[in-house]
Amino acid sequence: MKYWLFKSEPNSYSIDDLKKDKKTHWDGIRNYQARNFIRDEMKKGDLVLFYHSNAEPNAVVGVCEIVKEAYPDHTAFDPDSKYYDPKSKKDNPAWMMIDLKYKKKFKNPVELSTIKDNPKLKDMRLVQRGNRLSVFPIEKKEFNEILKMSGE
DNA sequence: GCCAACGTTGGC
DNA sequence: GCCAACGTTGGC
């Protein structure tokens, strides 16, 4: 089993939206490295930290779980979608998505600033310079450390 | 709002 | 195949 971190801007989709929806499909990934993680490595049962970016404050705000493994991202086929990509064909989809289930929202979000201050988390991609991936793997010990910092 | 970082595009 | 231009991400 693997552990992941997903970034989302709360004004487009927040942990509260996921809590309300209970489950969602993670569409709109249009980066090949992220796509490869989704397609090749994410498995049902993997746990995901949900992170708010461009937020006040930026923070890990909860946990969710992968409940469906990679399948074609249908928004790439839809000319009306902002994620439309004519290069993605139905018989050879370029982009994939997974389904996520809500698990918990932290009472105390773990802020980016405190993550940066924790030497145990210095190797996380989240705090590395220039990291722009919106989904990426994290270590089990990093996942557990964030949980510990949240007090959950 | 600024800007550094970095992925993608397209001309050559 | 190189690389400049451009667009996007995301912290500050």
Report task. Would you mention how many residues in segment A:130-152 are surrounded by fewer than 12 Cβ atoms within 10 Å (Cβ to Cβ) and closer than 15 Å to A:SER53 by Cα? Result -> 2
Requested in this report: Scan segment A:51-67 for residues that are in contact with a Phe, Trp or Tyr (Cβ under 6 Å, 6 or more places away or on another chain) and more than 13 Å from DNA strand C (Cβ to nearest atom) and jot them down.
Outcome: A:GLY62, A:CYS64
Query raised in the report: Considering A:PRO93, A:PRO86, A:PRO79, A:PRO109, which residue is away from DNA strand B (no atom under 15 Å from the Cβ), over 17 Å from A:PHE136 (Cβ atoms), of a type outside the set (Lys, Arg) and surrounded by fewer than 12 Cβ atoms within 10 Å (Cβ to Cβ)?
Result: A:PRO79
Query raised in the report: What number of residues within segment A:39-74 satisfy the criterion of being under 21 Å from A:ASP21 (Cα atoms) and within 16 Å of DNA strand B (Cβ to nearest atom)?
Result: 4
Query - segment A:120-145, residues that are more than 9 Å from DNA strand C (Cβ to nearest atom), in contact with a Leu (Cβ under 9 Å, 6 or more places away or on another chain) and under 12 Å from A:VAL110 (Cβ atoms) - result: A:MET124, A:GLU142, A:PHE143, A:GLU145
Requested in this report: Scan segment A:1-32 for residues that are polar (S, T, N, Q), over 13 Å from A:MET97 (Cα atoms) and surrounded by fewer than 19 Cβ atoms within 10 Å (Cβ to Cβ) and jot them down.
Outcome: A:ASN11, A:SER12, A:SER14
Query raised in the report: Which of (1) farther than 18 Å from A:PHE136 by Cα; (2) in a loop (DSSP other than H, G, I, E, B) does A:LYS20 not meet, given it meets every other one?
Result: (2)
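Just so you know, all these numbers are worked out from the coordinates, no wet-lab data involved. If you're wondering where the values come from, they're calculated on a predicted model, not measured in any experiment. When we count neighbours, we look across all protein chains shown, and the Cβ atoms used for this are built from the backbone with ideal geometry, even at glycine.
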